[in-house]
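Chemist: Just dropping this structure here.
The values are calculated or read from the model by the stated rules, or taken from the named source; none is laboratory data. As the structure is a prediction and not an experimental result, all values here were calculated from the model. Cβ placement follows ideal geometry from the backbone for every residue including glycine, while neighbour counts extend to all protein chains displayed. Accessible surface areas use protein heavy atoms only, side chains included; no ligands, DNA or RNA. Shrake-Rupley method; radii C 1.70, N 1.55, O 1.52, S 1.80 Å.
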Amino acid sequence: MASWMPVNFTTKPSRRIMKNYFDFNLAGRKLLPIWIAFLLLFVVPYSIIILKMQNIQVGDTSSLILLPLLLLVVIIAFFITFYIRKLSIENISYNNESIQFNGKFGKYMGIVLLGFFLTTITLGIYGAWFVRDIYRFFVDNTSYKSNNLKFQGKGGKLLLIMLLAIIIPIVVLTIVMAQFLISYSESSALSILFQIIIMVIAIPYAYLSYKWMVDIKYKEYQISWDTKFWESCGKIAIELLLTVITLGIYYPLAMLRLYKYFTQKTCVENNEVKMKLGYDIEQSKDFLFIWGQTLLSIITLGIYYPWAFCKISKRVLSKTYLESN
C-alpha cells in the first residue's frame, strides 16, 4: 500500500533581507573655500576675542566692545555653517538616489537672528526652541525622491531635557562644590572630581538630546530610536571611559562604536513594515583611517580638514545601510 504524506501548503518562504547603502560624494576642494572663510571669519577673530577677554582687568570697559563683537562672530559662524550643511546634505545619496536640499539662506538668516534675539530677552529660555527651529529648518527642507522629511521634536520637550539632565544637576553640583572649596584650601582634587562629575552628568543629557533629534517623519514612515535609557547611557559611559584612560587615543573608535550602536537602534517603520539601519564597521581599519586623516589635518594647521571631513564621511556613510525585505 502506498504511503500518503500530507503536504503543508501554509509554509512561508524565507524572506531575503537586502541592504541598501548610503554614500557621500562631496570633494574636499569644493568645501575648501567655505572652510577658509570659516577659519578667517570665525576661528581667528573668536580666538583673539577670547584671549582679550581673559586679560580684562576690573574696571576695564573694553568688554563693552568685546561682547558685541563676540556675538557678531558667533552669528557669522551660523551663516557660514549654512553652506557647509547645505553642501553636505546635497552630496548624500541613498540607494544611488541623491538627497536634495531646498532651504533658502534668507529664511535661515531670519531664524538665526530672531532666535538670538528671543533667547537673549528670555534669558536663555527660548534657546530650546531656537535649537528646534534650526534643526527643523534643515530636516524639513531635505527631500528624497521629491518627498520632504519632517522633524517632529518639540521645543518644550528639549527644554525639559536641558533643565532636568544638565542645568539643574550642574547648579546643584556647583553649590555643593562651592561649600567644599570654602572648607578646604586644597582644591585641585576637588576640581578634578568636579570635571569627572560633569562628564557623568553629560552622558544622559547627550543621550536624551540625540534621541530627541531622531524624531522624523518621511511619507508614512516614522524614524526614531528604539533604545533603553540605562543600556544606552552605559554604552556611552564605557566608550567615554576608554577614551579618558587612553588619553584620547581611543576616541575615533569610541565614536565609531557609538555610531554603530545607535545606527542599529534606529528604526524606520509604519503600520506594516519595520526596517533598521546598520553599519559595517571594520574597527582597526576605520580607526587607523580616521586617525590618519586627523593627523594630516593637525600637521597642516587645519587646511587639510575639508578633505579629511569628506573622506571620513564617505567611508562611514558608504558602509551605512538600511535593511529592507
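Chemist: Please list 3J(HN,Hα) in residue order for the stretch 145-151, calculated via the Karplus relation 6.51 cos²θ - 1.76 cosθ + 1.60 where θ = phi - 60°; whole Hz, with x for glycine and proline.
Modeler: 6, 6, 10, 7, 7, 9, 7
Chemist: On to the next question. Using the basic label-point model (7 angstrom from Cα toward the beta carbon), what is the N20 to W291 distance in nanometres?
Modeler: A separation of 3.7 nm, rounded to one decimal place.
Chemist: Let me ask something else about it. Carbon-plus-sulfur fraction of the accessible area of the stretch 32-135, 1.4 Å probe, in percent?
Modeler: 71
Chemist: Starting from the residue with the highest accessible area, list Y108, Y135, Y144 in decreasing order, probe 1.4 Å.
Modeler: Solvent-accessible surface, decreasing: Y135, Y144, Y108.
Chemist: Filter the DSSP H helices in the chain by two things, a Kyte-Doolittle mean of at least 1.0 and an axial alpha-carbon span of 27 angstrom or more, and list the hits by number.
Modeler: Helices meeting the criterion: 63-90, 188-213.
Chemist: For T120 and L51, FRET efficiency with R0 = 22 Å and r from the beta-carbon atoms, rounded to 0.05?
Modeler: 0.35
Chemist: Further question: Using only Cα atoms, locate the centre of the stretch 200-276 and the centre of the stretch 83-111, then give the distance between them in Å, rounded to an integer.
Modeler: So the two Cα centres are separated by 23 Å.
Chemist: Specify, per residue and in Å³, the volume enclosed by the convex hull of the alpha carbon atoms belonging to the stretch 267-315.
Modeler: Enclosed volume per residue, from the Cα hull, is 81 Å³.
Chemist: Let me know the shape class of the stretch 175-325, please: from the alpha-carbon gyration tensor, a ≥ b ≥ c as square roots of the eigenvalues, rounded when a/c is under 1.5, otherwise prolate if a/b is greater than b/c, or oblate.
Modeler: Oblate, since a/c reaches 1.5 and b/c is not below a/b.
Chemist: Tell me, what is the per residue accessible area of the stretch 183-325 in Å², probe radius 1.4 Å?
Modeler: 57
Chemist: While we're here: How would L40, L258 rank on accessible area, largest to smallest, probe 1.4 Å?
Modeler: Output order, biggest surface exposure first: L40, L258.
Chemist: Quick check on my link table: of K30/K276; K104/K274; K145/K274; K52/K157, which ones sit more than 27 Å apart, alpha carbon to alpha carbon?
Modeler: Going by Cα-Cα distance, K30/K276; K104/K274; K52/K157 fall outside the 27 Å limit.
Chemist: In the set (1) 73, 68, 36; (2) 62, 59, 48; (3) 110, 49, 42, which value of Cα extents along the principal axes in Å was calculated from the structure you see?
Modeler: (3)
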